[in-house]
1. Quick one: which helices (runs of 4 or more DSSP H) sit completely within region 80-189 and have at least 2 residues that are away from the ligand (no atom under 15 Å from the Cβ)?
2. Could you list, in sequence order, the residues of region 46-79 that are among the basic types (Lys, Arg) and part of a helix (DSSP H, G or I)?
3. Take the conditions among the hydrophobic types (A, V, I, L, M, F, W, C), within 16 Å of the ligand (Cβ to nearest atom) and open to solvent by 30 Å² or more (accessible area, probe 1.4 Å) and apply them to residue 195. Does it pass?
4. Quick one: would you say residue 75 is under 29 Å from residue 205 (Cβ atoms), in contact with a Lys or Arg (Cβ under 6 Å, 6 or more places away or on another chain) and not acidic (Asp, Glu)?
5. Touching a Gly at 6+ places or on another chain (Cβ under 7 Å) and open to solvent by less than 30 Å² (accessible area, probe 1.4 Å): does that describe residue 187?
6. For residue 69, are the conditions met, namely being acidic (Asp, Glu), open to solvent by 60 Å² or more (accessible area, probe 1.4 Å) and away from the ligand (no atom under 11 Å from the Cβ)?
7. Applying the selection to region 47-66, what residues are of a type in the set (Gly, Ala, Ser) and either farther than 16 Å from residue 257 by Cβ or open to solvent by 40 Å² or more (accessible area, probe 1.4 Å) (or both)?
8. In region 221-235, what count of residues is obtained for those that are open to solvent by less than 10 Å² (accessible area, probe 1.4 Å) and over 15 Å from residue 104 (Cα atoms)?
Amino acid sequence: MKEKFWIIVISIVLVIVYAVDYKLDKANYKEEDLIKTIKSRGYLIVGVKTDTRPFGYLENGKNVGFDIDIAKYIAKDILHNPNKIKFVQVTPSNRLYLLNVQDVDMVIATMTITPERRNIISFSKPYFVAGQAVLVSSRSNIKSLADLDNKNVGVLYGSTAEKNIRLIIPSVNIIGYKTYHDAYSALKAGKIVAITSDDTILRHYALSDSSVKLLPKRYTRELYAIGIRKNQESKGLLKVVNMNITNMVNDGTLTKLKRKWKLN
Ligand code: GLU
């Protein structure tokens, strides 16, 4: 009888000890901070554009542009070397996905802050302001979005312009493209009468090709920011990225970069 009593007591004590231990373990468990992971890995992984002059594009196989220089500034701060970056190509339609499946640490890709995107990812402070514009053939008599009624208009899949134009002119026949190159080729081939996207991105085409022009009106204010995952392990990185943006403003880097890439 006495033996049975002690077996029961010991069993209860063991259950309690395991339960407390498990709870402590859970409480002590912290996801590895992303900054630590980046430092031990030795390089940043940044999602960037490769078809968006002058923000992110390829020159002799190398990633260059305004967004690329921002990534380099951050890499210099975190890893003491601006070149410790692996660039991953993103498009407006896959950049949130690639961030959330952890293929990249952050996205620096002409990405506008929107409330819908804020539900899925975190945004840094804004580092640039653009506006939605319309690019048409120089011979075109289209003067504004209102003239696009029932016409074929090119947008980038997943871009803010795609959503905005559906709201502003629901009767537009929207044709989606994955890259600016594809949209531009379609405009040149007469498959679409206009492309609508950010002025700073479309301006490049108007400057380098006299057969297309950018209409003067802007329809939105697009605040570009760096996308970071919403999870606990990325909180430190978000702080560091915000600090870097503040430093870029204060030390004049942002102004210099705008001048370098002819963005002002
Ligand atoms: N800034 C716009 C957006 O975030 C479009 C630019 C882009 O092609 O990334 O949707």
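The values are calculated or read from the model by the stated rules, or taken from the named source; none is laboratory data. Because the structure is a prediction, the values reported are computed rather than measured. Neighbour counts run over all protein chains shown; Cβ positions are idealised from the backbone, glycine included. Please note that ligands, DNA and RNA were not included when accessible areas were found on the heavy atoms of the full protein model with its side chains. Shrake-Rupley method; radii C 1.70, N 1.55, O 1.52, S 1.80 Å.
1. Where helices (runs of 4 or more DSSP H) fall fully within region 80-189 and carry at least 2 residues being away from the ligand (no atom under 15 Å from the Cβ), they are 180-188.
2. Selection gives 72, 76.
3. Working: among the hydrophobic types (A, V, I, L, M, F, W, C): yes; within 16 Å of the ligand (Cβ to nearest atom): yes; open to solvent by 30 Å² or more (accessible area, probe 1.4 Å): no.
No: the conditions fail for residue 195.
4. Details: under 29 Å from residue 205 (Cβ atoms): no; in contact with a Lys or Arg (Cβ under 6 Å, 6 or more places away or on another chain): yes; not acidic (Asp, Glu): yes.
When the stated conditions are applied, residue 75 does not pass them.
5. Answer is yes for this residue.
6. no
7. Quick first cut of region 47-66, residues of a type in the set (Gly, Ala, Ser) only: 47, 56, 61, 65.
Passing the criteria: 47, 61.
8. The first filter runs over region 221-235 and keeps only residues open to solvent by less than 10 Å² (accessible area, probe 1.4 Å), leaving 222, 224-228, 234.
In the following step, the residues that additionally are over 15 Å from residue 104 (Cα atoms) were identified as 222, 224-225.
Selection size over region 221-235: 3.
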